[in-house]
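Structure first, commentary second.
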Amino acid sequence: MAARAYWQGQIRLALVSIPVEIYSATKSGAQISFNQIHEPSGKRIKYEKVAPGIGPVDPEEIKRGFEYEKGSYVLLEDEEIEAVKLDSKKTLELTQFVDANEIDVLYFEKPYYVVPADDLAEEAFIVLREALKRTKKVGLGQLALRGREYIVSLKPCGRGIVLETLRYSDEVNKAQGYFRDIGDAQPDEELLDLAETLIAKKTAPFKPDQFHDRYVDALKDLVQKKLKAKGGKVKPEPEDDTPKRGSNVVDLMAALKKSLEKPGAQSGEAEEKKPARKPAAKSPAAKPPPRRAPAKKRASG
């Protein structure tokens, strides 16, 4: 492989050891980076490492230190940190297996591809991959990567295995603190039916290449406009005056119906699988239309 392995070691399951390599499964996308500029001179701002009362210091004189009490530090050499013994630096011990859907998405952090390190490791690697597929389980263990130890999960992915680093429980905010003020009221059935129909209309297979960072595109466009303006101020485009939120149920009902009238991005597959629309239940608040009085009979001549 052309890419450089992010980690090399072994996966261990009981007495079975499988030499593997892992590679980053993601990469940075397109982005715009800005520099800080001193406007009067047009010079780029630079930063220097300084020590209070001393001024700029030589990078070779900088060491890593841990503050064990206010203002007091113990200095550590890189070699001393690297020498810290931890089995998970070279071995991923699979200590537990859980159902594939048991781990909350909030815990997943970053994915990596796992491949056998050589031909001899391939047989055991394939056995582990297929066993995970058949049991529909995810393997869990801990692995030391770049200065910290992570919880990691292993799950099959095509011919290979994907390793994902997980957050520890103290790194995830509890949802109750954010959701507890949301009411328990049940939604109006007619509104819910309209929302389900709208979802069915816009259902299509996930194709990640159809999405791109529009903010980056907008910033590139702004840079081009600024160049054409030769430093002059670029006038912002007018805002869309369309209301973003309805103020009551009537507005929500109208907005959902209007959304269904718009030509949406829908696939033939989504249309074929579109469920038959159930008759909308009457809203408890809805009143029957007033009955018309019967027309009076004409008097016979």
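Quick notes on this structure:
- Selection within segment 15-63: residues that are assigned to a loop (DSSP other than H, G, I, E, B) and closer than 24 Å to Val152 by Cα. The member of this set that is modelled with the lowest pLDDT is Ser28.
- Which numbered condition Gln31 misses (of (1) within 30 Å of His212 (Cα to Cα); (2) without any contact (Cβ under 8 Å) to a residue 40 or more places away in the chain; (3) loosely packed, with under 11 Cβ neighbours inside 10 Å): (2)
- Pro19 falls short of the stated requirement of being farther than 30 Å from Asp213 by Cα and free of Cβ contacts under 8 Å to residues at least 12 places away in the same chain.
- Only one of the numbered conditions (1) among the hydrophobic types (A, V, I, L, M, F, W, C); (2) touching a residue at least 24 places away in the same chain (Cβ under 8 Å); (3) surrounded by 13 or more Cβ atoms within 10 Å (Cβ to Cβ) is violated by Val172, and that is (3).
- Restricting the first member to segment 196-221 and to residues that are without any contact (Cβ under 8 Å) to a residue 60 or more places away in the chain, and the second to residues that are surrounded by 12 or more Cβ atoms within 10 Å (Cβ to Cβ), the beta-carbon pairs closer than 9 Å and six or more apart or on different chains are Tyr215/Ile32.
- Condition check for Glu272: of a type in the set (Asp, Glu), modelled with pLDDT under 50 and either closer than 30 Å to Glu39 by Cα or surrounded by fewer than 10 Cβ atoms within 10 Å (Cβ to Cβ) (or both): yes
- Some residue of segment 150-166 being over 15 Å from Leu92 (Cβ atoms) and in contact (Cβ under 8 Å) with a residue 60 or more places away in the chain: no
- Residue in segment 52-74 that is surrounded by fewer than 10 Cβ atoms within 10 Å (Cβ to Cβ) and touching a residue at least 40 places away in the same chain (Cβ under 8 Å) present: no
- Of all residue pairs spaced 6 or more apart or on separate chains, those with beta-carbon atoms under 9 Å, a first member in segment 129-143 that is closer than 14 Å to Glu164 by Cα and a second member that is among the small types (Gly, Ala, Ser) and buried (at least 18 other Cβ atoms within 10 Å of the Cβ) are Val138/Ser153; Gly139/Ser153; Leu140/Ser153; Gly141/Ser153; Leu143/Gly9.
- Criterion violated by Pro19 - all others in (1) in contact with a helix residue (DSSP H, G or I) (Cβ under 9 Å, 6 or more places away or on another chain); (2) loosely packed, with under 10 Cβ neighbours inside 10 Å satisfied: (2)
- Selection status of Glu109, more than 21 Å from Gly158 (Cβ to Cβ), at pLDDT 90 or above and of a type in the set (D, E, K, R): yes
- Number of the condition not met by Gln142 [criteria: (1) out of contact with any helix residue (DSSP H, G or I) (no Cβ under 7 Å at 6 or more places or on another chain); (2) polar (S, T, N, Q); (3) surrounded by 10 or more Cβ atoms within 10 Å (Cβ to Cβ)]: (1)
- Candidate set: segment 187-217, residues that are surrounded by 12 or more Cβ atoms within 10 Å (Cβ to Cβ), hydrophobic (A, V, I, L, M, F, W, C) and in a helix (DSSP H, G or I); chosen: the one modelled with the lowest pLDDT: Val216
- Residue match in segment 136-144 (condition: assigned to a loop (DSSP other than H, G, I, E, B) and closer than 30 Å to Val115 by Cβ): yes
- Scan of segment 60-106 for residues that are under 32 Å from the mean Cα position of the chain (by Cα) and of a type in the set (Lys, Arg), ordered by number: Lys89, Lys90
- Considered as a group, the residues in segment 42-51 that are loosely packed, with under 10 Cβ neighbours inside 10 Å and of a type outside the set (Lys, Arg) include one that is farthest from Glu80 (Cα to Cα), and that residue is Gly42.
- When residues in segment 226-251 are screened for being within 30 Å of Pro187 (Cα to Cα), in a loop (DSSP other than H, G, I, E, B) and either modelled with pLDDT of 75 or more or not acidic (Asp, Glu) (or both), 7 of them pass.
The values are calculated or read from the model by the stated rules, or taken from the named source; none is laboratory data. Treat the numbers as computed from the prediction; the structure is a model and nothing was measured. Cβ coordinates were reconstructed from backbone atoms using ideal geometry, including for glycine residues, and neighbour counts include every protein chain displayed.
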